[in-house]
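S.K.: First the structure, then my questions, so here it is.
The values are calculated or read from the model by the stated rules, or taken from the named source; none is laboratory data. Here the structure is a predicted model, which means the values were calculated and not measured. Reconstructed Cβ throughout: ideal geometry from the backbone, glycine too, with neighbour counts over all protein chains shown. What goes into the accessible areas is simple: the full protein's heavy atoms, side chains included, and nothing from ligands, DNA or RNA. Shrake-Rupley method; radii C 1.70, N 1.55, O 1.52, S 1.80 Å.
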Amino acid sequence: MNVPELMTQIRLEMTGDLKKDMEYLTQLAEDLRNEPNADELTKAVMEHAFSIMPEDVRKDMEERTMIDGKRLDLIYRDALALVDAKKTAEAKELLAALSDKIAQYFEGDAPKYFSFRNPFEYHMYRHFYPDDTNFDSAPFDFAAYLSLYGYVLIEERNVREARKVLLRAQKFNPVSADARFEMAELCKLAQNMPDLLKVNQETLPLCTTADRMARVLANMGYYCYATQDFYSAAVFYFESVRFAPSKAVEFELQDVVRRMNTFGQKFAPPTKGQTLDVYEKYSMKQPPNSELVNLAVVMIQQAHKFNRTDLEAFFNRVAFDLTNDPQFREEMKRIAAAKRAENQSE
């Protein structure tokens with residue numbers, strides 16, 4: 001989608017009711033985050049939102065969502081570029097300013113704000129917390145902003161502040177694994193093995209892609225190695241590689257096996273029963289989480305029922321990422337082909 005097409009869509013959807021129109025534009029900005037040109041599309045949405053606001057509302061929104069006249073998402077993008085360039089001290093200044101702005105306007109008193117990244121995360125939250133319905137959508141992905149800030153603080157070995165920031169990040173998106181991964185890195189840095197186990201146990205059921213599942217399992221391998229349960233470490237590393245091949249994890253597996261050999265222990269690819277026993281030993285279930293698979297299937301059915309082919313394709317993607325089941329991939333292809341045919345006939 002390009003900006004002119006987006007603006008045409010927006011004009012068609014505007015009702016003249018400021019509350020309804022702002023709710024629509026907020027949701028639209030959320031939906032556009034995964035577009036290749038998300039920055040320019042989101043900018044166009046924000047500019048239109050500002051243009052229809054009364055003066056007093058516009059000033060309040062600018063105060064809440066800008067720093068020195070620059071939108072928070074653009075400041076985050078600058079900070080991310082600095083982190084990628086290994087300029088963490090400069091990134092820290094920007095992220096600290098973002099953190100202060102978030103704390104000032106979006107934490108503490110009601111309403112509660114969440115920054116779910118996609119529709120499936122929203123439905124995950126509603127599934128896990130069905131009684132919690134009193135919340136609003138944050139204007140930007142504050143969970144990501146605070147997670148990056150936590151990462152920078154970890155790089156600086158500021159364990160105490162990093163922990164505080166990452167707990168805040170988790171509150172903005174309780175069903176995302178990402179902030180929890182940074183918390184796991186913090187636990188490893190502090191050699192806090194009990195908390196590392198707890199974080200891993202909480203994170204695995206939230207993983208929706210094979211690479212995320214593999215990362216938790218690799219962290220479990222690290223935990224078991226550190227606590228000298230070498231067989232379990234080898235099983236978890238083996239499982240991690242099965243979900244997402246990684247040279248680094250393969251190296252860790254080889255290192256554990258060599259350590260086992262020095263104690264006269266042998267390691268062979270574990271049977272399914274042996275694997276499940278190791279998961280059970282640490283109060284974990286082998287991924288994917290069946291609750292999430294079932295939820296994805298239900299959402300596919302609902303999207304199909306209401307002829308939301310965009311969401312039907314998206315939820316099929318989620319189901320495929322969870323299960324690697326080719327039937328979901330074929331459904332995505334079918335929906336894409338039908339959409340192409342529809343566009344050609346117009």
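S.K.: Does at least one position in the range 170-191 carry a residue that is among the aliphatic types (A, V, I, L, M), closer than 20 Å to A244 by Cα and not in a helix (DSSP H, G or I)?
M.R.: Checked the range 170-191: at least one residue is among the aliphatic types (A, V, I, L, M), closer than 20 Å to A244 by Cα and not in a helix (DSSP H, G or I).
S.K.: Go through (1) buried (at least 21 other Cβ atoms within 10 Å of the Cβ); (2) more than 30 Å from E250 (Cα to Cα); (3) among the hydroxyl-bearing types (S, T, Y) for T208 and report which single condition fails.
M.R.: (2)
S.K.: Give me the pairs: first residue in the range 43-69 and on the phi > 0 side of the Ramachandran plot, second residue surrounded by fewer than 14 Cβ atoms within 10 Å (Cβ to Cβ) and outside any strand (DSSP E or B), beta-carbon distance under 9 Å, and six or more apart or on different chains, which are they?
M.R.: Matching pairs, first to second residue: G69/E62.
S.K.: Still on this structure, I have one more. Report every pair of residues separated by at least 6 positions or lying on different chains whose Cβ atoms are under 7 Å apart, first residue within the range 1-12 and on the phi < 0 side of the Ramachandran plot, second in a helix (DSSP H, G or I) and open to solvent by 90 Å² or more (accessible area, probe 1.4 Å).
M.R.: What qualifies is V3/E40.
S.K.: Pull up the range 158-205, narrow it to residues that are closer than 19 Å to R117 by Cα and basic (K, R), then point me to the one that is surrounded by the fewest Cβ atoms within 10 Å (Cβ to Cβ).
M.R.: Checked the range 158-205; the qualifying residue surrounded by the fewest Cβ atoms within 10 Å (Cβ to Cβ) is K171.
S.K.: Sticking with this structure for a sec: Test S240 against the criterion of being in a helix (DSSP H, G or I), within 29 Å of V159 (Cβ to Cβ) and touching a residue at least 40 places away in the same chain (Cβ under 8 Å), and give yes or no.
M.R.: Against the criterion (in a helix (DSSP H, G or I), within 29 Å of V159 (Cβ to Cβ) and touching a residue at least 40 places away in the same chain (Cβ under 8 Å)), S240 does not qualify.
S.K.: Next up: With respect to D229, determine if the residue is within 17 Å of S176 (Cα to Cα), modelled with pLDDT of 95 or more and open to solvent by 20 Å² or more (accessible area, probe 1.4 Å).
M.R.: Here the answer is no, as D229 does not meet what is asked.
S.K.: Looking at (1) among the polar types (S, T, N, Q); (2) touching a Gly at 6+ places or on another chain (Cβ under 7 Å); (3) closer than 27 Å to D100 by Cα, can you tell me which one S147 breaks?
M.R.: (2)
S.K.: Just the residues that are under 18 Å from V175 (Cβ atoms) and over 26 Å from the mean Cα position of the chain (by Cα), please, taken from the range 273-305.
M.R.: none
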